[in-house]
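Here's the structure, in structure tokens; my notes come after.
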Amino acid sequence: MVAHGRQCKIEGSQATARQTAELLRSVISQQRVPYTNQAGALIDAVKAVGEQLIAANPVELAVGNIVRRVLHIIREEDLSLTTAAIGELNLSAVSDDENDDDRDGNTTLSAAAVAAAARSTLRPPSLQTLLEDTPVSAAVPQTSSSGAADKSSRSRKLKHDVIEAVNELIQDIVTCHEQIAEQAVEHIHQNEVILTLGSSRTVSEFLFAAKEKKRSFRVFVAEGAPRYQGHLLAKELVARGLQTTLITDSAVFAMISRVNMVIVGAHAVMANGGVIAPVGMNLVALAAQKHAVPFVVLAGSHKLCPLYPHNPEVLLNELRSPSELLDFGEFSDCMDFGSGSGSPLLHVVNPAFDYVPPKLVSLFITDAGGHNPSYMYRLIADYYSADDLVVQRRAIAGN
Amino acid sequence: MSMSAYYQTRAAHHGVVTSDWLAQSQEAATRAVVTGGQEIVDGGKSGRAFSVIDEFNNWRKQPDLAEAVAAIRALAAVIRNSEAKTMMELEIELKKASDSLKSWDTTSISLTAGCDLFMRYVTRTSALEYEDFNSARSRLIERAEKFGEISYKARKIIAMLSQDFIFDGCTILVHGFSRVVMEVLKMAAQNKKLFRVLCTEGRPDRSGLRLANELAKLDVPVKLLIDSAVAYTMDEVDMVFVGADGVVESGGIINMMGTYQIALVAHSMNKPVYVAAESYKFARLYPLDQKDMGPALRPIDFGVPIPSKVEVETSARDYTPPQYLTLLFTDLGVLTPSVVSDELIQLYL
């Protein structure tokens, strides 16, 4: 998939996310797990593959997001299995005194203690756990499970549970547009004017859903130079019977005072609530803030990234080919490396993305509902484990 | 005029001595011994009086030790010296000791936060996990003593998290002498990053001078500014780094006087303000304005005698509201100011 990703560019974060999840699912199902510390083996395998995937395309943040989601799923499933096993152990310990030899090291820690310790490995570091020990993960229940048959059934169960959860994740990714579009009716009201930039499938599904519910509204579409995908969106909207107006990106400031709401898609959402969006979005966000127009961003949960952007314009951006801007034929003498001093005077820069700071965003609509930008860290804490922020194999000695 | 004990200790660490400070400190020391002697924790020990205040004072003399760590070590000593036979008794003794520590210095936020955090830990975990009192007690003592390591590790974690935000060629404005910020800059220098630091003088503590000294030893280019020159130089600054005496529930910080001013200027010029603070400094306070916190006073030596009818504003700290802060670097991770109240709610409610 790495080669595939490099050569024929899977476009769109949803497709990439789905491919990544499916790939990781096959990695997990093919991975042979040892009897002890199965979760660790799975996590290592996923991290190894994940590292390569992320390195192949660092700008496509959805890849990293899905890798981290899968790692979080593995940890969660392992945790729920061990707590279930402890529950069984307790029952068997009470009823069955002959198994004392299995329980040698564990009489000092009650079941509640182990459960509490196991719970705290999964929570992100917090004030509550500040003074607690970091427990030896999963070592306790492993030694005490009785019987080889039991162990192998547990290992199969972990893989089975993880694969089920990954299937749910894939399902979520695929249906994210529908879930977001369901919320359209609450936000788009009668006789409103909506502004959008470029073309986003999430936005078009959102608008179609509102149209289905018999809301009548108008849409201003900014064309989204240099790819002009706004043109395609305008065609789709007209085909559905929506009154559409097409404007250039430079006309946004002129037209924004007639607009009620701006609804746009995103490439990725960072942990501080900032948005990586197609180029030109920052312009629209600033115009919206100046005229007090709500700026609503639609993003599926696979776009939520747990990283903080410390230099997003440079590190999270992609420079595309200048041919999208200029026709080489006309400008061949300006851009010629062979003539004169060897370095042409004309440079063409074509960045693909823009960073919109969180203070310009009014609302995020995800498949989990509508949220404030300052709330995004909560969703991120739910979906990801703190240990997985840097996807690297454990071969590197501790920090 | 009274002087906040917290700032007294800071001044002692910095080695800044003025004549009236000396007089104040002597007076305060005799006061402390008197009250300390009266705070006998009754664990049933006849004859030997154990004072948690003395213990605390011993610990906080060390310049590298944070206030909260000293407090928790003192409380650990209380547990060690106590003769309680049940968890409940021990908790009551600890509560008394913690209250006396807090009332001895009402101005120090990290002291209060550290005591509260430890009390919370004791009450929440003890009853659940252990049936045996002695093992619970020894575990509490062990965790309290480990807390010093936690604090030290916290600084390392914060330094690591902030490394990405310091890029080559950047200019950092620093206010006040925070050991955490010092660790951040030290680690950046060790990672061979090229950056330069602008230090405010930090009157009346002159902490900026000390910071400039330390940075010069690390071969980091440093420029000293008087406090009023911050707005003048703000356009060449890429980011502002400050520590915090306390982080309040709204996500704002309480720090040395001048921090609010700098944050306002930075905000108006769109420069990010980063705060480096350990998580045990999160306190359950919600100041609504500058005067809402208990006053912490610090005498200022102007060098010339001031006529007696002229008032002097001697408050040592101010409150910076969360909207002027960009990110908080803590050992719990990189946080936006809105996360602080979440963490506090999880701990206390």
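Points worth noting:
- Qualifying residue in the stretch B:284-295 (condition: surrounded by fewer than 24 Cβ atoms within 10 Å (Cβ to Cβ) and within 14 Å of another protein chain (Cβ to nearest Cβ)): yes
- Residue satisfying all of: in the stretch A:52-70; part of a helix (DSSP H, G or I) and surrounded by fewer than 22 Cβ atoms within 10 Å (Cβ to Cβ); modelled with the highest pLDDT among these: A:GLN52
- Within the stretch B:154-207, restricting attention to residues that are of a type in the set (Lys, Arg) and over 23 Å from the mean Cα position of the chain (by Cα), the residue that is nearest to the other protein chains (Cβ to nearest Cβ) is B:LYS193.
- Test: residue in the stretch B:297-317 that is within 14 Å of another protein chain (Cβ to nearest Cβ) and surrounded by fewer than 20 Cβ atoms within 10 Å (Cβ to Cβ): no
- Residue match in the stretch B:266-273 (condition: in contact (Cβ under 8 Å) with a residue 12 or more places away in the chain and among the polar types (S, T, N, Q)): no
- Scanning the stretch A:300-315 for residues that are assigned to a loop (DSSP other than H, G, I, E, B) and under 17 Å from the mean Cα position of the chain (by Cα) returns A:GLY300, A:CYS305, A:PRO306, A:LEU307, A:TYR308, A:PRO309.
- When the residues of the stretch A:301-317 are filtered to those that are at pLDDT 85 or above and away from every other protein chain (no Cβ under 14 Å), the one that is surrounded by the fewest Cβ atoms within 10 Å (Cβ to Cβ) is A:SER301.
- Qualifying position, being modelled with pLDDT of 85 or more, of a type in the set (Gly, Ala, Ser) and under 24 Å from the mean Cα position of the chain (by Cα), among B:SER100, B:SER108, B:SER151: B:SER100
- Those residues of the stretch B:60-97 which are buried (at least 22 other Cβ atoms within 10 Å of the Cβ), among the aliphatic types (A, V, I, L, M) and within 21 Å of the chain's Cα centre (by Cα), in sequence order: B:ALA66, B:ALA68, B:VAL69, B:ALA70, B:ALA71, B:ILE72, B:ALA74, B:LEU75, B:ALA76, B:ALA97
- Positions within the stretch A:223-252 being more than 17 Å from A:GLU192 (Cβ to Cβ) and touching a Leu at 6+ places or on another chain (Cβ under 8 Å), in sequence order: A:GLU223, A:GLY224, A:PRO226, A:GLY230, A:HIS231, A:ALA234, A:ASP249, A:VAL252
- Just one of the listed residues (A:SER199, A:SER250, A:SER216) is closer than 19 Å to A:ALA285 by Cα and touching a residue at least 12 places away in the same chain (Cβ under 8 Å), and it is A:SER199.
- Considering the stretch B:186-217, and only residues there that are crowded, with 19+ Cβ neighbours inside 10 Å and in contact (Cβ under 8 Å) with a residue 40 or more places away in the chain, the residue that is farthest from B:GLN8 (Cα to Cα) turns out to be B:THR200.
- Pairs with Cβ under 8 Å, 6+ apart, first in the stretch B:288-317 and acidic (Asp, Glu), second assigned to a strand (DSSP E or B): B:ASP289/B:TYR319; B:ASP292/B:TYR319
- B:ARG137, sole failed condition from (1) within 14 Å of chain A (Cβ to nearest Cβ); (2) over 20 Å from the mean Cα position of the chain (by Cα): (1)
- Taken over the stretch B:318-349, the criterion of being at the interface with chain A (Cβ under 8 Å from one of its Cβ atoms), assigned to a strand (DSSP E or B) and of a type outside the set (A, V, I, L, M, F, W, C) is satisfied by B:GLY333 alone.
- Restricting attention to the stretch B:225-254, the residues that are more than 17 Å from B:LEU185 (Cβ to Cβ) and surrounded by 21 or more Cβ atoms within 10 Å (Cβ to Cβ) total 9.
- Test result for A:VAL279, of a type in the set (Val, Ile, Thr), surrounded by 14 or more Cβ atoms within 10 Å (Cβ to Cβ), over 16 Å from the mean Cα position of the chain (by Cα) and within 14 Å of another protein chain (Cβ to nearest Cβ): no
- Filtering the stretch B:218-251 to residues that are under 23 Å from B:PHE167 (Cβ atoms) and either assigned to a helix (DSSP H, G or I) or charged (D, E, K, R) (or both) leaves B:ASP219, B:LYS223, B:VAL230, B:THR233, B:MET234, B:ASP235, B:GLU236, B:ASP238.
- When the criteria are applied in full, B:GLY243 fails the requirement of being small (Gly, Ala, Ser), on the phi > 0 side of the Ramachandran plot and touching a residue at least 60 places away in the same chain (Cβ under 8 Å).
- Qualifying positions in the stretch A:158-186 - under 17 Å from the mean Cα position of the chain (by Cα) and hydrophobic (A, V, I, L, M, F, W, C): A:ALA165, A:VAL166, A:LEU169, A:ILE170, A:ILE173, A:VAL174, A:CYS176, A:ILE180
- When the stretch B:233-289 is filtered for residues that are of a type in the set (D, E, K, R) and within 14 Å of the chain's Cα centre (by Cα), the ones remaining, listed by number, are B:ASP245, B:GLU278, B:LYS281.
- Complete set of residues in the stretch B:281-317 that are in contact with a Gly (Cβ under 6 Å, 6 or more places away or on another chain) and part of a loop (DSSP other than H, G, I, E, B): B:ALA283
The values are calculated or read from the model by the stated rules, or taken from the named source; none is laboratory data. Predicted model, so just to flag it, every value in this text is computed and none were measured. Neighbour counts run over all protein chains shown; Cβ positions are idealised from the backbone, glycine included.
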